[in-house]
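Taken together, the values in this text are just the output of simple stated rules run on the coordinates, not laboratory data. The model shown is predicted, which means the values in this text are computed figures rather than measured ones. Virtual Cβ from ideal backbone geometry, glycine too; neighbours counted across all protein chains shown.
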Amino acid sequence: MMKRLVSLDVLRGLTVMFMIFVNNGAGDEIFSTLQHSKWNGMTPCDLVFPFFLFIMGISTFLSLRKGGFHWTSRQAHKTIKRTLLLFVIGLLINWFDMAMDGRPFDIAHLRIMGVMQRIAICYGFTVAAALTIHHLTHSFRGMGLLVAVLLVGYTLILLLGGGYDYDSSTNLLSRVDHAVLGDSHLYHKSPVDPEGLLSSLSAVCNTMLGFLMASWAFRKPDEASAQSPVTMLSRLMVCGAALAFVGWLLQFGLPLNKRVWSPSYVLLTCGLAALLQGLLVWWLDVRPAQHRLAQQVASPSSMVTMTLIFGTNPLFLYIVSELLSIVFGSTGIKQSAYDAIHFVIVNGYWASVAYATLFVVLHLAMGAVLWKRRIFIKL
């Protein structure tokens, strides 16, 4: 069907752009839709991280397909190396935050988990599960069963362990993190660490569902069983609609909750991501006329190119955004810039939007230099 999914880079780029945007509001007045939900419920901001994990699952399938889904010493080394690299980068970001706060040697209070660490866990687990299951069964059907087991098991943990309790002393997720990682190494702005250990059991399902979706919709056609683009897209759309509907239904018994990464949250976000991916595949990768149009509008100022700039260097730009955010916040640059913007834009909510937009534009400019020189930094 395609050598490279333009739509995948576009969706990844949109996700990273929005992730950077919502993480960098300024001032005390920020629109509620541009903030993560405090507990139960879901805002547009709560879509970005699960979308990224789902997209990573699709990318992992396309990457492993090149090697025929075989466990080799080279593949094992690559998987372990990348998993450790992503995790260590996350730790270094947490350390840098402490260092800029004047505590470079306070390792006793270094937060162990984080966004990059969760990405590392989801990537490593998905690769290991996919290649092992394919080696044993010569298919990926077992991954669907594994996802079901993880989600059902995690549901029991939430229901029997007080997973929805807004109290760290009674919430099993928090108690496990405290017992294993220690209170000094946790996130303290909510009752549970949003990237905690037990909730990672559920988060990996986003990546595995992305992998499964790709294995069904994007598998390489052969002479015996050719797939039409229409079939591929219909599978994405049907599966996406089904997952979203089931996730929406589950929320009445298992509320949507990003902090605990509830099973309903997994299914709904994966379903929405699949639907959006399907629409983008249809627009950018399948319809010849639309694909030509996409190429024609891919000028430096077009939205397609802007998303591709972020989508082809996603983790690099995200990491840079986290480091710059820490620097700007600790040195007063953020406050000074926001005050200047607020002087012009009196409404604090829109001043915050303007600051976050300019922050994204800054990264767009950096990414554009890499894009122009065809430099793609793989992490």
Inter-centroid distance (Cα atoms) of segment 91-159 relative to segment 349-365, Å: 30
Determine the sum of side-chain charges near H109: Lys and Arg each +1, Asp and Glu each -1, restricted to other residues whose C-beta is under 13 angstrom from that of H109. -2
Going through K78/K378; K78/K258; K66/K258; K189/K258; K334/K372 one by one, the pairs whose alpha carbons sit over 23 Å apart turn out to be K78/K258; K66/K258; K334/K372
Net charge near W95 (other residues with Cβ under 13 Å of its Cβ; Lys, Arg +1; Asp, Glu -1) is -2
Please give the calculated 222 nm ellipticity per residue for the chain, where each DSSP H segment of at least 4 residues contributes -39500 (n - 2.57) and the sum is spread over every residue; nearest 500 deg cm²/dmol? -22000 deg cm²/dmol
Rounded to two decimal places and with Rh computed the Kirkwood way over Cα pairs, what is Rg over Rh for segment 1-97? 1.06
What whole-number volume per residue, in cubic angstrom, does the convex hull of the C-alpha atoms of the chain give? 154
Could you line up M19, M237 from fewest to most neighbouring Cβ atoms inside 10 Å? M237, M19
Just the projected area, averaged over all directions, of the convex hull on the alpha carbon atoms of segment 114-251: how many nm²? 10.1
Under Stokes-Einstein, with the Kirkwood radius over Cα pairs standing in for Rh, what whole-number D in µm²/s applies to segment 68-155 at 25 °C and 0.890 mPa s? 163
Highest-fluctuation residue, L198, L358, L317 considered, GNM on the chain with Cα pairs under 10 Å: L358
What is the sum of charges around H185, taking Lys and Arg as +1, Asp and Glu as -1, for the other residues whose C-beta is under 13 Å from the C-beta of H185? -4
Nearest 20 debye, what's the magnitude of the dipole of the chain about its Cα centre given +1 on Lys and Arg Cβ and -1 on Asp and Glu Cβ? 1560
